[in-house]
Amino acid sequence: MPTRPDIYLSADVEADGPIPGPYSMLSFGLAVAGTFDGTSFVPVDPTAHTFYAELRPISDGYNPDALAVSGLDRDRLLREGRDPAEAMNAAAAWIRQVAGDHVPVFVAFPLSFDWLWMYWYFMRYADEGSPFGHSRCIDLKTTYAIKAGVPITQASKVRLPRSLRARRPHTHHALDDAIEQAELAANLLTWDGRSGPPAGGPP
């Protein structure tokens with residue numbers, strides 16, 4: 001039986017605290033970054049297929065510093081945010097639709113934060129659980145550390161070579177940042193490591 005290729009979905013989350021449950025995911029964005037058949041990664045226009053949702057908070061607790069990062073109005077979201085179950089089911093349906101015959105893979109930098117929130121919300125609110133299973137995910141931070149041959153402490157975004165960085169701004173709007181991160185993913189996943197800049201990237 002032939003192996004199904006992967007489709008990589010860049011994900012970004014804005015939340016009002018460090019962990020789900022006591023705190024809330026306020027928004028998330030998803031953007032298709034490209035496909036991988038086990039041999040080569042093929043990037044796509046990250047603006048072509050996207051999903052964005054702003055959610056109603058699920059708890060009373062929030063961290064003002066975390067809330068300030070996104071600039072979202074929590075009171076407005078309490079009135080107008082999407083029901084978490086509706087939003088997560090809609091996101092899961094969108095992922096299945098864009099994936100088609102491909103296997104969806106979650107991509108983030110760093111993976112630990114965004115995966116924590118999205119997996120918890122999918123498992124808590126989506127009827128069919130996580131469309132990424134329990135482990136179909138790639139950490140771009142680790143990808144860079146291994147390819148560049150640097151310790152993980154030196155693999156922060158601010159230390160990335162200019163040639164690997166996305167050309168789009170980081171706005172802390174979840175969809176903007178998912179699209180920006182999809183660009184970064186394409187640069188990293190088509191880069192052969194320490195030998196030079198990624199194909200098509202700036203010098």
Restricting to the chain, compute how many DSSP beta bridges are antiparallel as a %, nearest 5.
65
If you line up the long axis of helix 84-99 against the longest principal axis of the chain, both from Cα atoms, how many degrees apart are they, to the nearest 10?
30
If you place +1 on the Cβ of every Lys and Arg, -1 on the Cβ of every Asp and Glu, and leave all else neutral, what size is the dipole of the stretch 1-57 about its Cα centre, to the nearest 20 Debye?
160
For the stretch 1-122, what does the relative contact order come out to in percent, with C-alpha contacts under 8 Å and a separation of six or more?
33
Taking only Cα atoms of the stretch 93-142, the Rg to Rh ratio with Kirkwood Rh works out at 0.97
Could you tell me what percent of the accessible area of the chain is made up of carbon and sulfur, with a 1.4 Å probe and every protein chain present?
53
Given the whole protein assembly as supplied and a 1.4 Å probe, what does the accessible area of Val158 come to in Å², nearest 10?
120
Whole-Å distance, taken between Cα centres, linking the stretch 108-141 and the stretch 55-107
12
Full-stretch length increase - Gln97, Arg136 - with 0.36 nm per residue and alpha-carbon distance subtracted
12.3 nm
Using protein chains only and a probe of 1.4 angstrom, how many square angstrom of Thr50 are accessible, to the nearest 10?
50
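At a Förster radius of 30 Å, what calculated FRET efficiency corresponds to the Cβ-Cβ distance of Ala90 and Arg159, to the nearest 0.05?
Numbers: r = 36 Å, r/R0 = 1.21.
E(calc), rounded to 0.05, equals 0.25.
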Provide the convex hull volume over Cα atoms per residue for the stretch 37-103, in Å³.
150
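Tell me the Kirkwood radius of the chain: reciprocal of the mean inverse pair distance over distinct alpha-carbon atoms, in Å.
17.4
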For Arg74, Arg124, Arg79, give the ranking by accessible area with the largest first, probe 1.4 Å.
Arg79, Arg124, Arg74
Using a 1.4 angstrom probe and counting only protein chains, how large is the accessible area of Leu175 in Å², to 10?
30
Which of Tyr121, Tyr62, Tyr52 moves the most in a Gaussian network model of the chain with Cα springs under 10 Å?
Tyr62
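The values are calculated or read from the model by the stated rules, or taken from the named source; none is laboratory data. Owing to the predicted nature of the structure, the values given are computational and were not obtained by experimental measurement. When we count neighbours, we look across all protein chains shown, and the Cβ atoms used for this are built from the backbone with ideal geometry, even at glycine. All accessible areas refer to the heavy atoms of the entire protein, side chains included, with ligands and DNA or RNA removed. Shrake-Rupley method; radii C 1.70, N 1.55, O 1.52, S 1.80 Å.
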